[in-house]
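K.L.:
Below you'll find the structure I mean.
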Amino acid sequence: MTNHQDLTENRGSPFSPAVEGAERPEKLESSTLGVSALLQRSVGRRGFLKAAGGVGTALVGSLYFAGTLRAGEDVVALDNAKGLVVGDPTRCVGCRRCEIACTEFKDGKTQPAISRIKVGRNYMFGPKGVQRGMWRGEGRFGNHRSIQDTCLQCPHPVPCLLACPKNAIEVQGPTNARVINTEICDGCAMCVANCPFEMISIDAEREVATKCDLCGGAPECVQACPTGALRYVPWRNRTKEIPQRASRWGFIGTQEKRESCMECHQ
Amino acid sequence: MSDFGGWRGKTLRVDLSTGKISAEDTIEKYMNFLGGTGLAYKVLWDEVPPGTKPWDPENRLIFGIGPLTGTGALMSSRVSITSFSPVNYMDLHSDGHMGGHWGAELKFAGWDSIIIQGKADRPVWLSIEDDKVQIRDAAHLWRNGIFRTTVEICEEMGPDAHVAAIGQAGENLVRMSTIMCDRSHSGGGHGSVMGAKNLKAIGVRGSGSIRIMEDPKKWKELVQHSLHLLGANSGAMVPATPQPWAEYYGRSRWNTRKGFYWGSASPPIETGICSADDLNRIGYRTHKAAFDHGDEIGQRYCVRSGGCYGCPIKCHPLMEVPELEQYGVSRFQSNTCVGNSFGMRFFESPQRGSKEALVLSQLGSAIADDYGIWAGYGLLLNDFMHAYKNDILKKHVPSKEYESVKWDLMEKKDPRFLFDIMKRFAYREGEIGAFLADGAPMLEDKYPEFKDLHRHGPSLGCFKLGHRDHHGCNQLGQVGALINMFYNRDPMCHSASNFDGSGLPLHVKKQVGEKLFGTSDAVDGRNDFTPMNHGKAVFARMALVYQALHDSLTLCNYTLPWWCSPHKSRGYYGDPEMETKLYRAITGDQISHQEMMDTGLRILTLHRAITARTMNTKNLRRDHDLMNDWMFDNPKDAVPFTRGNSKMDRNDMELARDLFYEEMGYDKTTGMPTRVGLERLKLGNVAADLEKRSLIV
């Protein structure tokens, strides 16, 4: 996951990409509140495929085209994301400045409960909670490791997107992050219930769901980390290696979606 | 919700006698005092009649946080725990300060502070989940240590709850006891106040938000600015060894360098070179494990640096010491500073930096942090070892009890001795338990030998108020001595000691000092002091004002303020208005920097007024602002104000008091707050009360 050699020379600030290939905007906005405007400019061709020509073609196509799935459309996302925030638990010092940056610079308030990166919930006892006894688990009461949970930007089938009865979750360029369109979202929390990694929260003050949008390619959490324990890297499917926190419902929100699924999954 | 950002608008009040739980308007009642210690002093002044003893139900115990707590202002999860103090021999009030994540969590739950009063009729704990506040039965928690208490409460509230608890020491009314949260963050001195109230723990879990009034883009710029000017732990502004990026190096805690490792990380992590410009490596600058445990041992056994919410500095080294398991405790331990030498000090001179010392220190903190006992900056154990070696204990302790102590284990430096001695401490067992539990100031009544030793030291140099010669005249000359006399316990005023601990060369410190204090004469070299002057009085006032602000806003006084910076381009000058800028941006309250300084002075002056009222004195200079003989008499043959010693001069210190009182706006002769001064600080009601008691000059 992390190259442990050559660390002193220059691990690279998040401003200078240490890894080639992760999608970034040309110029960093100093606040991601400007990101939605940036995203509008960056919207490219609609590369998602609605089951045209079978699964194989669809997946190849999705990797090939920069895709954008607009909210409100009753389709299935096949495009993979292009970037991913990855945490290194051995470097994390548990300061939660990533959580702070996530909500202060994007929402104008401090609220770890809706942070799109989650460190606090693992801080004391690790992802398994208190059940393992004090000295045997993770976290400050265990082996001192602080595990950062980040959105995996799931590949197809994207559980949150499929679950949304309002089609409020869209795939947005340039990163192809799975993004909640707050104009459409009414905070029903179906996505929250369906995320196996518990990475979506409800912002009760705005009555919408909220999840990681990769800040248009310049994640605030990565910028804020004082030990370089978070990195923004090219997307890779980590859904099979990161332990799930919740079993998901397998609920598909609308008849159209179900039919769309059945075109492949029959 | 309040009209201001930062605060949530409500302060929680819990009366354990009646079971009444209520909310107060923070802005209306406490805004002039910010929060933290300021809020707490206001509560103590308004509500607790003079003569109230620390363990009386009428005493208040305040868990104070402030408008900056929980926000991205750096190091913003400090909690000021304030109450009349069982450690102080005159029952004066004092504050202990606890880090961790608990303070931030309290804010997220919607509360700006907690005021505890009364006494429960049986052991209880307090559960706070956002608006839902409940007094719960604690029968199953009582007599348990802090770790088990925390775990059992987290089983109920959830693993992301944070718990501040006392151990057996607090229950047993051990004066030298702590309140602790998050495994290793404790505030000293008030554990027994919680115990006396039958309150075992406070669990907090919050889901709410804190508003930041500034535009997010500008707020981010300010946060980056504050990070840019930050150094390392304890105000370090230069690296400890020559570095390619640095102009200077010096005695500092910016000790990482090429080839430095967190050796027990899996796999090991090189903390390496950390330049002042690399904000994504701030967390590696201070290798506290190497600093506390020695370079070799500290590196080998360190898993990582840890510490509080919102803090990039990380002063708690988290260690993995497999040898600990044979003693029945976890191999994973952590502590910081004197907490890390607590266990060692029960033994005669284990060599710091040795494996032996590491095991003693980590077993010591495992036991101390579960019982909730307080090191009191090590003074107590200096006294203990002195009493043992000089047969003072043998003389005063009944022989049957004395023989029951496993001194042979102590002599062999066997870590198992800690189980014996620390249990006596936490349960206040027998004469030896009482010796440890009651603390240094109380010791003098029972053991007359210490009266002389504390006065004349120097290695045992102690103020009657219970703190040793730490950040006093030995480090900062008259400035340190003035700060030390002001508070009612060891002041831990790092705004002054961090200026000294910056590691900057003297001529640079003098340049920065000229900007800060109006004259470079305020700044002396170590052990090269000059006679008192006005600049030093300004230095002492500013150090105290910034500490009061940090403890009220709340920010961490262990590493701040931003007086200096690590940047040559700025002449190593920082931004002393940073606290004001952060406050304005978060709350939207557009006060001037001068008003902020006045707020700090208001908080300090209220502290002073409570002290005078409790002591019922009209002359704090004579009755409270004591200095010990060792400051003036040691070393015996040294001449004050010559290079190589920190000896002070009695007449010079009288002048120091004069100048300091003037600078604080107090009466020069008595050191008392004046009517004019109090009214200027909007403390007219305090002046009226003092007048009624004939305590105003």
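Values quoted throughout were computed directly from the atomic coordinates according to the rules given, and no laboratory measurement underlies them. Owing to the predicted nature of the structure, the values given are computational and were not obtained by experimental measurement. All Cβ positions, glycine included, derive from the backbone under ideal geometry; neighbour counts span all protein chains shown.
K.L.:
Using only DSSP helix segments of four residues or longer, with each worth -39500 (n - 2.57), what per-residue ellipticity at 222 nm results for chain B after dividing by its residue count and rounding to 500?
P.N.:
Mean residue ellipticity, 222 nm, calculated: -11500 deg cm²/dmol.
K.L.:
Kindly list the residues of region B:382-415 that lie in the label zone of B:HIS456, defined by a backbone N under 19 Å from the point 7 Å along the Cα-to-C-beta vector.
P.N.:
Those under the cut-off are B:383-384, B:386-393.
K.L.:
Can you classify chain B as rounded, prolate or oblate using the Cα gyration tensor, where a ≥ b ≥ c are the square roots of its eigenvalues, rounded means a/c under 1.5, and otherwise it's prolate if a/b beats b/c and oblate if not?
P.N.:
Values: a/c = 1.10, a/b = 1.06, b/c = 1.04.
The shape class here is rounded.
K.L.:
OK, next. What order do you get for B:ILE114, B:ILE210, B:ILE65 when you list them from fewest to most C-beta neighbours inside 10 Å?
P.N.:
B:ILE114, B:ILE210, B:ILE65
K.L.:
Additional query: Could you give the dipole magnitude of region B:589-697 about its Cα centre, charging the beta-carbon of Lys and Arg +1 and that of Asp and Glu -1, in debye to the nearest 20?
P.N.:
320 debye
K.L.:
May I pose another question? Subtracting the Cα-Cα distance from 0.36 nm times the residue separation, let me have the gained length for B:ASP137 to B:TYR249 in nm, one decimal.
P.N.:
Value of the extension gain: 34.8 nm.
K.L.:
What shape does the protein assembly as shown have by the C-alpha gyration tensor, where a ≥ b ≥ c are the square roots of the eigenvalues, rounded means a/c under 1.5, and otherwise prolate means a/b greater than b/c and oblate the rest? Walk me through the numbers before you get to the answer.
P.N.:
Details: a/c = 1.73, a/b = 1.67, b/c = 1.04.
It comes out prolate by the Cα gyration axes.
K.L.:
Right, something else. Tell me which aspartates and glutamates have Cα within less than 18 Å of B:LYS406's Cα, excluding those fewer than 8 residues away on the same chain?
P.N.:
Within the straight-line cut-off, B:LYS406 pairs with B:GLU348, B:ASP391, B:ASP414, B:ASP420, B:GLU429, B:GLU431.
K.L.:
Taking a threshold of 30 Å on the Cα-Cα distance, which of the pairs B:LYS29/B:LYS200; A:LYS211/B:LYS218; B:LYS389/B:LYS636; B:LYS107/B:LYS581; B:LYS42/B:LYS217 fall above it?
P.N.:
B:LYS42/B:LYS217
K.L.:
Per-residue HN-Hα couplings for region B:242-253, Karplus 6.51 cos²θ - 1.76 cosθ + 1.60 at θ = phi - 60°, whole Hz, x for Gly and Pro?
P.N.:
Each residue of region B:242-253 in turn: x, 10, x, 8, 10, 6, 10, 9, x, 5, 7, 9 Hz.
K.L.:
Picking from B:MET627, B:SER646, B:THR674, whose Cα lies most toward the positive end of the charge dipole for region B:543-697 (charges on Cβ: Lys, Arg +1; Asp, Glu -1)?
P.N.:
The listed residue farthest towards the positive side: B:THR674.
K.L.:
Among A:MET262, B:MET75, B:MET31, which comes first, then next, by fewest other beta-carbon atoms within 10 Å?
P.N.:
A:MET262, B:MET31, B:MET75
K.L.:
How many angstrom lie between the Cα centre of region B:509-555 and the Cα centre of region A:95-121?
P.N.:
36 Å
K.L.:
State the extension gain, in nm to one decimal, for the chain segment bounded by B:THR241 and B:SER404, taking 0.36 nm per residue of separation less the distance between their alpha-carbons.
P.N.:
Details: separation 163, 0.36 × 163 = 58.68 nm, distance 4.88 nm.
Taking 0.36 nm per residue and subtracting the Cα distance, the gain is 53.8 nm.
K.L.:
So what is the relative contact order for chain B, in percent, with contacts set as C-alpha pairs under 8 Å and at least six apart?
P.N.:
Working: 1600 pairs, mean separation 98.4, N = 697.
Normalised by residue count, the contact order of chain B is 14 percent.
K.L.:
Within a 10 angstrom radius of the beta carbon, how do B:SER252, B:SER226 rank from fewest other beta carbons to most?
P.N.:
Ascending number of Cβ neighbours within 10 Å: B:SER226, B:SER252.
K.L.:
Mind checking which aspartates and glutamates have their C-alpha under 20 Å from B:LYS20, skipping anything on the same chain fewer than 8 residues away?
P.N.:
B:ASP46, B:GLU47, B:ASP56, B:GLU58, B:ASP112, B:ASP121, B:GLU129, B:ASP130, B:ASP131, B:ASP137
K.L.:
In addition: Quick check for me: using +1 on Lys/Arg Cβ and -1 on Asp/Glu Cβ, what's the dipole size of the protein assembly as shown about its Cα centre, in debye to the nearest 20?
P.N.:
Dipole of the protein assembly as shown, to the nearest 20 debye: 940 debye.
K.L.:
Then there is this: What is region B:468-692 by shape, rounded, prolate or oblate, if you read a ≥ b ≥ c off the alpha carbon gyration tensor as root eigenvalues and call it rounded for a/c under 1.5, prolate for a/b larger than b/c, and oblate otherwise?
P.N.:
Verdict is oblate for region B:468-692.
K.L.:
Got a sec to turn the phi values of region B:634-651 into Karplus ³J(HN,Hα) couplings, 6.51 cos²θ - 1.76 cosθ + 1.60 with θ = phi - 60°, whole Hz, x for Gly and Pro?
P.N.:
10, x, 3, 8, 6, 9, x, 6, 10, 5, x, 8, 10, 5, 9, 10, 4, 5
K.L.:
Which cross-chain or sequence-distant (5 or more) residues have an amide H under 5 Å from the amide H of A:VAL179, H modelled 1.01 Å from N in plane?
P.N.:
It is A:GLU170, A:VAL171, A:GLN172, by chain and number.
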